[in-house]
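First the structure, in the form of structure tokens, and then the observations on it.
The values are calculated or read from the model by the stated rules, or taken from the named source; none is laboratory data. A quick note: this is a predicted structure, and the numbers were derived from the prediction, not measured. Virtual Cβ from ideal backbone geometry, glycine too; neighbours counted across all protein chains shown.
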Amino acid sequence: MRKVLVELLIVLIGSFAAGVETAQAQHRDVIQPRYTSPLEIARAVNRSSRAWSKSHIMLDVDLGDTWQQLGIDANQFSGCAGDCEAVISSSELDPTPGRELILKLTKSYNFCRYLIFVRDDKVRADHVKWKFRGYIDHDFNKYKMSSHRVVHALGKNWLVVRGQEGSGSGYSLYSETWYRVSRKGIEPVLHYPVEGNTYPWPTGVGREFKARVLSSQSIRDNYIRLRYTVSYTSLNYINHAFEKLFVNHHHVYYSLSQETQTLVFDKKRSDISLAEIDAIADIQSEDEQEAGTKIGGTTFYTLAESKALVAGGYEVFLKYNSRHLLKIAAGRDEARKQWLRELLKECEDTTEKKALLEALQKR
């Protein structure tokens with residue numbers, strides 16, 4: 001009898017909970033921005049977010065009409081139900097008078113959308129009119145949300161967006177894209193890897209890099225300059241020993257092309273090639289076979305898919321540190337030469353390995 005009563009109680013509780021959920025679903029409010037205004041969009045989105053975080057009340061935000069009026073695809077932002085946030089900032093982005101408003105929408109820590117507006121000179125009786133300049137989507141931000149900043153260079157202001165572009169076991173990659181904002185819209189003018197690392201497993205040579213803009217140049221200089229810092233580390237997970245091998249500093253220049261009005265790599269000024277930058281960042285060239293899993297603009301690798309991880313990172317290390325390694329091979333320090341011999345045992349028979357072995361045999 002007692003068992004029957006317990007089972008009956010469980011059924012009644014389940015039915016009550018289901019009824020509450022059905023009632024809540026039937027009474028869920030749907031809100032829409034009144035106008036295609038960045039302030040109205042942000043107000044509706046954040047109202048839904050606050051209702052959920054404070055009281056777990058579900059307010060659906062329908063953005064379908066908003067995107068239709070702006071003439072853009074909804075992508076991941078057809079609607080929000082407490083899982084979106086909106087942040088507004090302002091900056092002078094184009095030569096015309098008036099500061100632009102940057103509306104940043106984020107959803108579930110994964111998706112990010114930037115919308116750029118400028119206030120119109122004409123003011124309606126009921127609300128301010130806004131001109132829509134354009135938008136930028138970043139599809140995946142699992143480990144670190146996409147961020148933006150405004151950089152003054154070449155006598156102009158540029159919108160710079162940073163986002164994740166690669167991820168996997170022992171691998172990460174972030175890049176930056178520079179945008180020109182004008183009456184014509186938003187145009188990408190420069191893209192480069194800005195930060196990342198590759199750590200093979202269980203042993204090998206790991207590397208990490210970071211780039212930063214050194215200075216904002218005047219309009220007379222016609223270029224911008226970046227500094228890349230690349231560090232290589234010998235990994236031995238069995239003994240838990242980490243030996244820092246080399247730290248290299250490079251300067252990269254991008255010049256403004258008068259023909260395309262984009263920032264292009266300046267190989268004459270730069271002391272590192274684009275091929276080396278791509279190799280350090282573990283970026284596949286267009287003629288290489290596609291690997292990894294693509295989600296939007298992001299590539300995810302497993303240990304079996306990334307060449308750098310499978311090969312232990314030795315190939316990139318030897319190729320772009322060969323001059324320093326040749327000095328060790330031809331030098332008098334027997335301890336360092338023995339270290340190099342042991343390292344080369346783990347490497348494939350590349351051109352750099354053969355040259356180093358020949359140098360070691362001469363003395």
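Structure notes:
- Subset of segment 200-215 [free of Cβ contacts under 8 Å to residues at least 40 places away in the same chain and not small (Gly, Ala, Ser)]: 202, 208, 210, 212, 214
- Selection status of residue 183, in contact with an Asp or Glu (Cβ under 8 Å, 6 or more places away or on another chain) and in the same structural domain as residue 212 (by TED's automatic domain parsing): yes
- Sole residue being surrounded by fewer than 15 Cβ atoms within 10 Å (Cβ to Cβ), over 26 Å from the mean Cα position of the chain (by Cα) and modelled with pLDDT of 85 or more, chosen from 269, 227: 269
- Looking only at segment 50-69, residues that are in contact (Cβ under 8 Å) with a residue 24 or more places away in the chain, in a helix (DSSP H, G or I) and surrounded by fewer than 20 Cβ atoms within 10 Å (Cβ to Cβ) come to 5 in all.
- Flag if residue 78 is at pLDDT 90 or above, at negative phi, surrounded by fewer than 17 Cβ atoms within 10 Å (Cβ to Cβ) and hydroxyl-bearing (Ser, Thr, Tyr): no
- Failed item, numbered, when residue 263 is tested on (1) under 24 Å from the mean Cα position of the chain (by Cα); (2) at pLDDT below 90; (3) hydrophobic (A, V, I, L, M, F, W, C): (2)
- Contacts under 9 angstrom Cβ, first residue in segment 128-143 being buried (at least 17 other Cβ atoms within 10 Å of the Cβ), partner modelled with pLDDT under 85 and among the aromatic types (Phe, Trp, Tyr), 6 or more apart: 130/35; 140/300; 141/109
- Residue in segment 50-65 that is over 28 Å from residue 182 (Cβ atoms), at pLDDT below 85 and among the charged types (D, E, K, R) present: yes
- Residue within segment 168-177 that is assigned to a strand (DSSP E or B), polar (S, T, N, Q) and touching a Cys at 6+ places or on another chain (Cβ under 8 Å) present: no
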